[in-house]
Every structure is written in structure tokens, then in C-alpha cells.
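S.K.: The structure's right below; bear with me while I get my questions together.
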């Protein structure tokens with residue numbers, strides 16, 4: 001269909017506008033040191049009157065040197081007393097009088113208590129700006145996706161409320177609800193889909209609303225989500241076609257009645273699209289996104305173990321380019337990728353203030369700290385963040401490799417999170433959580449607590465394998481109880497299990513001698529040896545696999 005003159009004019013104006021935004025960011029990278037110091041001092045000045053600010057002499061901070069002299073490197077535990085007071089309604093514990101708290105974003109902590117990250121209007125604006133720069137660059141590189149619809153997902157921003165009445169949930173829900181109208185109108189996913197608990201029903205509903213549209217790109221943090229969306233649509237292709245023909249919504253699984261009514265009211269019968277899809281299904285024998293959409297690109301994480309999911313992309317999406325969405329967390333965005341098929345990204349210098357702990361340094365503790373323009377190419381660093389959410393010199397635990405520079409801003413790649421964290425679908429399980437879940441399971445079932453190993457396994461979907469010494473009889477129900485305990489300790493693991501992006505835990509019998517083999521083979525003195533309960537990469541438990549061929553699968 002030929003585009004109207006007004007549409008072409010609007011597109012031309014939009015391209016000029018977005019190019020100016022991108023150029024502004026790239027100009028800032030040329031003077032990153034100055035931009036970063038200004039970013040830091042703005043945050044210090046804004047919250048100088050807070051209790052945290054008074055406790056750390058913010059009123060005396062005029063330079064970066066003043067800042068590091070007043071504020072030591074911080075963990076979440078250091079911030080927690082102030083955050084708890086904000087949760088009770090005492091905003092002044094962390095913020096100055098000009099700030100408010102929109103919500104608390106939840107993310108998994110290293111223990112059983114989720115981290116609550118305060119989200120202020122300033123932080124939300126900075127977070128959204130990073131997303132805009134990402135989207136602008138991706139669209140300029142893939143102009144065929146301009147003015148086409150976007151498939152995106154979001155979770156609820158309100159799972160519960162704090163004692164002070166502030167919502168707690170996912171920041172994606174807040175960003176989706178507060179998105180600019182000019183962008184929001186291109187979303188295919190209604191906000192109320194976040195209220196659907198049943199994963200198959202939610203994925204089906206998202207695709208039911210998306211497939212009739214001319215979609216230009218899909219964006220989810222986790223590549224597993226895009227695979228799941230495509231596979232659910234393929235598995236229920238005939239029902240989807242009937243629903244599109246009739247203007248109905250008939251998902252597998254359950255949807256709350258009020259949500260179903262709201263979602264169905266947004267749908268219209270589309271006989272023409274249904275006939276097109278029916279023809280494609282007959283032609284290919286299956287119905288996949290590469291058949292019914294002409295996508296410009298896909299956007300999701302591609303680094304670390306999440307890259308394993310990309311193996312399935314060609315089957316569902318053909319040769320559609322993939323753009324990494326950058327290193328970002330609930331605590332803030334760290335990088336903005338600038339090209340396809342590359343997990344490297346330019347440091348988001350206009351959002352948070354960054355410092356880097358030099359992991360490769362041979363110096364004794366404490367590790368040397370660098371500013372963004374002082375890092376060296378080829379070295380590994382751990383990131384410290386100072387943000388508008390009230391976090392200062394916050395050690396987020398992410399390890400990055402520096403690949404180069406854009407102006408004075410480093411180009412970084414995410415390597416891994418901490419030393420004993422496993423995350424094959426974004427669940428970020430810590431060794432502490434694993435050992436706690438195991439101890440609690442043993443206590444519940446009246447079993448002795450011995451050494452064990454939990455290892456990620458790549459599959460469809462990925463899952464975890466628990467190696468331990470238990471007979472078939474004694475291990476009955478162990479995997480289910482262990483899984484339940486781990487879900488209670490890690491909200492992100494629970495989310496991935498609910499959405500079926502992670503499969504059930506499988507338990508295998510291995511002799512204690514085999515589990516303790518690393519201890520016997522290490523040259524480290526026994527009293528210094530620390531058993532590794534959690535492996536972090538698929539295939540890392542290969543030493544056990546040979547033994548397991550002789551062993552017995554228990555669950």
C-alpha cells in the first residue's frame with residue numbers, strides 16, 4: 001500500500017528528531033568525564049537534605065574526590081536501613097524534598113529477601129531516556145521497522161504495597177504504563193496481560209493481539225520469552241486463526257474473567273488476515289513469525305549464558321537481525337549497544353554515575369577504583385553505580401570487559417554476575433540461596449544434609465540438575481520440595497518457573513565419593529577447600545555425567 005504524503009512527512013520529521021537525540025548522546029560521550037561529574041553532583045545536590053545525605057556530608061561534596069572521601073563502596077545491606085524507612089513512608093530517609101517515590105522495583109537479593117529499589121520520577125526519566133537512545137539507534141539501522149507495531153512484554157508494577165502504601169513490582173510495568181503516547185500507540189500488548197498468571201494463556205494472549213498487525217520488531221529482556229511466544233503461537237496455530245477470524249480470545253489456560261472481557265473488547269474479526277494465516281499454515285505445515293511478519297530486528301539480551309537461546313531463533317525468526325538491549329538491571333541501565341549481533345555497548349553516561357573496580361589488578365584489597373574515562377581496554381571490572389534511586393557507589397556485582405571507547409565513554413560487555421551466580425534465563429540464583437533451599441528441604445523431609453551440586457542444563461526449556469547421594473526411596477519428592485524452597489528464596493527463579501522458561505529440577509543419584517572428587521583432586525589444603533555447591537555454566541558438570549550413565553535418575 002502506498003504511503004500518504006502526510007505519513008511520509010511525519011516519518012521525515014520523526015527521523016530528524018530521533019537523529020538529533022542520538023547525536024546529542026554521542027556528543028556527550030566526547031566529554032564523558034565532565035558529563036559524569038555533572039551527573040554525580042546533580043544527584044548529590046538533589047538529595048543533600050536526606051538523612052543519607054546528612055549522614056555522609058553531602059553538603060560538603062563539591063568534587064569526585066570529596067564524594068569518595070565521604071561515601072565508601074556500598075552494598076544493598078548498607079542501603080537497606082534507609083530503604084526500609086522509605087518503604088514506611090519516610091521519603092526523606094533517602095531523598096530530598098523535590099523527589100517522590102513512584103514504586104519499589106523488585107529484584108532477587110543474594111538471600112531470601114528481595115531487594116526493593118526505590119523508583120523516583122527522575123530515575124524513571126533517566127531509565128526511559130536510555131531505552132529511547134537504544135530504540136532510536138536500532139530503528140535508524142533498520143528503517144523498515146519505522147512506524148510498525150512493537151511486540152513487548154511487561155509485568156505488573158503492583159504485586160503488593162509497602163506499609164507506606166507504595167506499589168512494589170516490576171519496573172517494566174511502570175515504564176509501559178508511563179510511556180509517551182506517540183510510542184505507546186505502537187505497542188501490540190495491552191497492559192492488562194500482565195495480570196494473567198497462567199503462562200500459556202499470557203503468551204497466547206500476547207500473540208493473539210500481535211499477529212494480526214504489521215509488526216516491525218519484538219523486544220523482551222530475555223530471548224527465552226521470544227522463543228516461548230513464537231512456540232506457543234505455533235502450537236495453537238489453528239485456534240489462533242479461528243480467534244482472529246471470529247474476533248475472539250480462546251487461550252489455553254485460565255484468564256480472570258474481568259481481564260478476559262477487557263482484552264476481548266479490544267479485538268475485531270479479521271477474516272482477511274485469518275485467510276492469509278490459513279494459507280501460510282497449509283504452505284509451510286507450521287505457523288512461525290518468519291512466515292507472517294517481516295521483522296526489522298529482534299531485541300533482547302544476547303550475552304552470557306542467555307546466548308544459548310539464540311540457537312532457536314533461526315527456526316522461528318529466520319535470518320532476522322538481533323540487537324542486544326544492553327546491560328541493564330532494575331538498579332539502572334549501564335550500556336547501550338550500537339550494532340546488531342554484538343553484546344558490547346557504550347556506557348550510558350547520561351543516566352547513572354559509574355565507577356569501576358579493577359578486577360585484574362594485582363593489588364591487595366581494596367581493589368583500585370577507576371572512573372569511566374580511566375578504564376583500560378582488555379581489562380575486567382566490577383561496576384559501581386550512583387543512581388537517582390538513592391543508591392550510592394552501589395556494587396551491583398556485574399563483571400564487564402572493556403572493548404574500546406566511544407569518545408571518552410567505554411564500550412563494555414557483560415561477562416557474568418558475581419562469582420557464584422547462575423542465570424541461564426535471567427533467574428540469578430546465588431549459591432547462598434541454593435544451600436538454604438537444600439538445607440530446608442532436608443529438614444522438611446527428615447534427611448541428612450550432605451554435599452551436593454546443582455548445575456544448569458541446556459534444554460527445551462533449560463533446567464537444573466541436582467546431583468546428590470540419596471536412594472530412590474528417600475529421594476521421593478525431593479526435587480519438588482527443593483524447587484519450592486528455591487522459588488520461595490528467589491522471586492526471579494519463581495517467575496521463570498511460572499512462565500515455563502525454566503523446567504522442573506531433575507534429581508540424580510551420585511555417590512558422595514563422586515561429589516567430593518574435586519576436594520580430593522585439589523592441591524589446596526583440605527581446611528581451605530570450599531565445596532562448590534552451584535555450577536554456573538551448562539556442561540560444567542560433565543565430570544558427573546559419565547558417572548551418571550551408570551547412576552539412577554530419581555526424579
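None of the figures in this text is laboratory data; all of them are computed from the coordinates on show. Here the structure is a predicted model, which is why all the values come from computation and not from measurement. Heads up, the Cβs are rebuilt from the backbone with ideal geometry, glycines too, and the neighbour counts pull from every protein chain shown.
S.K.: Taking 8 Å as the Cα distance limit and 6 or more residues as the minimum spacing, I'd like the relative contact order of the range 314-381 as a percentage. Show your work: numbers first, answer last.
M.R.: On the way: 89 pairs, mean separation 13.9, N = 68.
Computed value for the range 314-381: 20 percent relative contact order.
S.K.: So if we plug the beta-carbon distance of residue 271 and residue 146 into 1/(1 + (r/R0)^6) with R0 = 30 Å, what FRET efficiency do we get, rounded to 0.05? Provide the component values of the computation, followed by the final result.
M.R.: Numbers: r = 28 Å, r/R0 = 0.95.
The computed FRET efficiency comes out at 0.60.
S.K.: Nearest 0.05, what FRET efficiency do residue 506 and residue 315 give at R0 = 22 Å with Cβ-Cβ as r? Don't skip to the answer; put the middle values down first.
M.R.: Values: r = 25 Å, r/R0 = 1.12.
It comes out at approximately 0.35.
S.K.: Another question, then. Quick one: 272, 263, 139, 280, fewest Cβ neighbours within 10 Å first, how do they rank?
M.R.: Final ranking by Cβ density, sparse to dense: 272, 280, 263, 139.
S.K.: Just for the Cα atoms in the chain, what are the lengths along the principal axes, largest first, rounded to whole Å?
M.R.: Rounded to whole Å, the extents work out to 74, 66, 46 Å.
S.K.: Continuing with the same structure: Given a Förster radius of 22 Å and the C-beta distance between residue 341 and residue 415 as r, what FRET efficiency does 1/(1 + (r/R0)^6) yield to the nearest 0.05? Write down the numbers at each step before the final one.
M.R.: Values: r = 18 Å, r/R0 = 0.81.
It comes out at approximately 0.80.
S.K.: Okay, moving on. With 10 angstrom as the radius, rank 422, 98 by how many other C-beta atoms surround their C-beta, starting from the fewest. Present the calculation step by step, with values, prior to reporting the outcome.
M.R.: Working: 422 25, 98 11.
The fewest-first ordering by Cβ neighbours comes to 98, 422.
S.K.: Let me ask something else. For the pair residue 20/residue 543, report the inter-label distance in nm, with labels modelled 7 Å from Cα in the Cβ direction.
M.R.: My value for the distance between the label points is 6.1 nm.
S.K.: When the scattering of the range 59-145 is computed by the Debye formula from its Cα atoms alone, each counted once and equally, what is log10 I(q)/I(0) at q = 0.15 Å⁻¹?
M.R.: At q = 0.15 Å⁻¹ the computed log10 ratios are -0.80.
S.K.: Which order results if 284, 142 are arranged by neighbouring Cβ count within 10 Å, fewest first?
M.R.: Numbers: 284 12, 142 19.
Listing 284, 142 from fewest to most nearby Cβ atoms yields 284, 142.
S.K.: If you scale each eigenvalue of the Cα gyration tensor by 5 and take the root, what three semi-axes come out for the range 168-295, rounded to whole angstrom and sorted largest first?
M.R.: Numbers: eigenvalues 109, 55, 43 Å².
Equivalent ellipsoid semi-axes, largest first: 23, 17, 15 Å.
S.K.: Give me the percent of DSSP beta bridges within the range 143-320 that run antiparallel, rounded to the nearest 5.
M.R.: 20 percent
S.K.: If I take every Cα pair under 8 Å that is 6 or more residues apart in the range 347-475, average their sequence separation and divide by the length, what percent do I get for the relative contact order?
M.R.: 15 percent
S.K.: What is the distance in Å between the Cα centroid of the range 163-192 and that of the range 51-77?
M.R.: 33 Å
S.K.: Separate question: Using Cα pairs under 8 angstrom and six or more residues apart, how large is the relative contact order of the chain, in percent? Write down the numbers at each step before the final one.
M.R.: Details: 1053 pairs, mean separation 73.4, N = 555.
Relative contact order of the chain: 13 percent.
S.K.: Next up: Roughly how many nanometres apart are two label points built 7 Å out from the Cα toward the Cβ at residue 54 and residue 183?
M.R.: For residue 54 paired with residue 183, the spin-label model returns 3.7 nm.
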